[in-house]
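Step one of this worksheet: look at the structure below.
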Amino acid sequence: MKSPFTIIIISLSFLFFSCGQKQDKGQKEQPQATISAPAFDSDSAFAFVKAQTDFGPRTPNSEAHDQCAAWLVAKLQAYCDTVYVQHFTATAYDGKQLKSQNIIGSLDPDKTVRILLGSHWDSRPMADHDALEANRDKPIDGADDGASGVGVLLELARQLQKERPNVGVDIIFFDSEDYGTPSGVNLPGDWWCLGSQYWAQNPHVKDYTAKYGILLDMVGAPDAKFYHEYFSGFFAQDIVSKVWGTAYRLGYGSYFINQQAHPITDDHYYVNKLAHIPMIDIIHQDNTSGTGFRSVWHTTHDNIDNIDAKTLGVVGTTLRAVLVSE
């Protein structure tokens with residue numbers, strides 16, 4: 001996804017939003033859990049993250065990309081009732097044709113009330129924020145930026161297979177999210193999140209809709225801080241409140257910070273704008289890094305060594321609790 005300091009103006013209210021707004025370092029007193037945490041295996045989620053990075057960088061048109069896609073399809077087939085694969089060709093900012101796949105798994109597809117959960121599964125083709133100039137043309141593992149969210153959702157699917165919620169659940173892995181313009185290059189057009197743009201205009205089921213959606217992106221950092229991403233609040237403040245309130249009652253107030261942060265051009269933006277499904281983004285932001293994200297963001301250091309199973313468990317447990325509340 002783009003730097004949080006690149007703002008898409010969708011209303012005049014954006015003119016009054018300050019990207020330099022300071023963020024809270026966390027609440028002074030953390031809550032005690034007031035609701036029981038549903039089952040979620042953080043070690044299993046970590047193993048799913050590692051399995052993706054073991055393929056290598058999952059950039060479109062690569063062998064690792066094809067291998068990981070087949071693995072993801074097989075996993076969703078094992079856990080979900082129905083699996084859809086959208087094959088499409090996306091045009092990148094440089095004119096390259098990207099052979100892409102959106103992969104969707106549905107639980108209880110006949111239920112009319114549905115929740116959409118998503119993450120992107122591709123990885124960045126260039127480490128354009130790496131400290132070493134020699135690394136900046138290298139593709140990255142994308143352990144946090146992509147694989148972490150997918151790992152959480154795969155473990156969630158495994159759990160939901162055994163204990164179904166009262167609503168239908170669709171899990172979508174968006175492709176070609178991270179093939180956007182290099183750092184410092186500005187081109188007119190929407191060059192990020194190509195998979196979600198395609199899906200939002202070509203849903204896997206005719207006239208598909210959902211009650212709401214939740215996107216996961218960069219959810220594996222140790223001691224991660226998830227603020228209210230701006231577009232999430234703009235389009236779906238009630239869902240933000242539901243998710244952050246659930247996390248607080250689970251005792252996760254040190255992770256889910258009740259304060260607004262920067263707008264991020266991420267897959268949820270296009271789901272909101274094009275598919276008109278209210279979707280929020282759970283994403284780690286860091287105002288101390290200079291980029292707005294972790295220091296490993298879009299570098300060769302975004303690898304499995306920088307993933308914390310505990311954080312994956314916090315996010316996955318929160319999602320399960322939200323679904324249970326439906």
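Quick notes on this one:
- Qualifying residue in segment 65-79 (condition: touching a strand residue (DSSP E or B) at 6+ places or on another chain (Cβ under 9 Å), more than 25 Å from Val315 (Cα to Cα) and of a type outside the set (Asp, Glu)): yes
- Residue in segment 164-174 that is closer than 23 Å to Gly292 by Cβ and outside any loop (DSSP other than H, G, I, E, B) present: yes
- Looking only at residues of segment 304-318 that are in contact with a helix residue (DSSP H, G or I) (Cβ under 6 Å, 6 or more places away or on another chain) and either without any contact (Cβ under 8 Å) to a residue 12 or more places away in the chain or of a type in the set (A, V, I, L, M, F, W, C) (or both), we find that the one that is most open to solvent (accessible area, probe 1.4 Å) is Ile304.
- Among the residues making up segment 235-273, those that are in contact with a Ser or Thr (Cβ under 9 Å, 6 or more places away or on another chain), of a type in the set (D, E, K, R) and either part of a helix (DSSP H, G or I) or farther than 23 Å from Ile172 by Cβ (or both) are Lys242, Arg249, Asp267.
For (1) within 17 Å of the chain's Cα centre (by Cα); (2) part of a helix (DSSP H, G or I); (3) without any contact (Cβ under 8 Å) to a residue 40 or more places away in the chain, each residue gets a yes or a no:
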site: Leu116; (1), (2), (3): yes, no, no
site: His129; (1), (2), (3): no, no, no
site: Asp137; (1), (2), (3): no, no, yes
site: Arg158; (1), (2), (3): no, yes, no
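- Only a single item in (1) small (Gly, Ala, Ser); (2) under 24 Å from Asp66 (Cβ atoms); (3) open to solvent by 10 Å² or more (accessible area, probe 1.4 Å) is not met by Gly195, and it is number (3).
- Total residues in segment 273-300, condition among the aliphatic types (A, V, I, L, M) and open to solvent by 10 Å² or more (accessible area, probe 1.4 Å): 3
- Test: residue in segment 230-239 that is crowded, with 21+ Cβ neighbours inside 10 Å and either of a type in the set (Lys, Arg) or in contact with an Asp or Glu (Cβ under 6 Å, 6 or more places away or on another chain) (or both): yes
- Residue that is in contact with a Gly (Cβ under 9 Å, 6 or more places away or on another chain) and not in a strand (DSSP E or B), where the choices are Val205, Val219: Val219
- Residue in segment 51-62 that is under 19 Å from the mean Cα position of the chain (by Cα), touching a residue at least 40 places away in the same chain (Cβ under 8 Å) and more than 24 Å from Pro222 (Cα to Cα) present: yes
- Index of the failed condition, Gly146 passing every other in (1) within 12 Å of the chain's Cα centre (by Cα); (2) open to solvent by 60 Å² or more (accessible area, probe 1.4 Å): (2)
- Candidates are the residues of segment 71-102 that are farther than 13 Å from Ile172 by Cβ and β-branched (Val, Ile, Thr); the one that is most open to solvent (accessible area, probe 1.4 Å) is Thr89.
- Criterion (within 24 Å of Ser196 (Cβ to Cβ) and modelled with pLDDT under 95) met by exactly one of Thr291, Thr265, Thr209, Thr311: Thr291
- Residue within segment 103-115 that is modelled with pLDDT under 95 and open to solvent by 20 Å² or more (accessible area, probe 1.4 Å) present: no
- Residue in segment 248-258 that is open to solvent by 10 Å² or more (accessible area, probe 1.4 Å) and without any contact (Cβ under 8 Å) to a residue 24 or more places away in the chain present: no
- With respect to (1) over 27 Å from Gln197 (Cα atoms); (2) of a type in the set (Lys, Arg); (3) modelled with pLDDT under 95, the lone exception for Lys50 is condition (3).
The values are calculated or read from the model by the stated rules, or taken from the named source; none is laboratory data. Just so it is clear, the structure is predicted and the values come from calculations on it, not from any experiment. Using ideal geometry, Cβ is built from the backbone for each residue, glycine included, and neighbour counts are taken over all protein chains shown. What goes into the accessible areas is simple: the full protein's heavy atoms, side chains included, and nothing from ligands, DNA or RNA. Shrake-Rupley method; radii C 1.70, N 1.55, O 1.52, S 1.80 Å.
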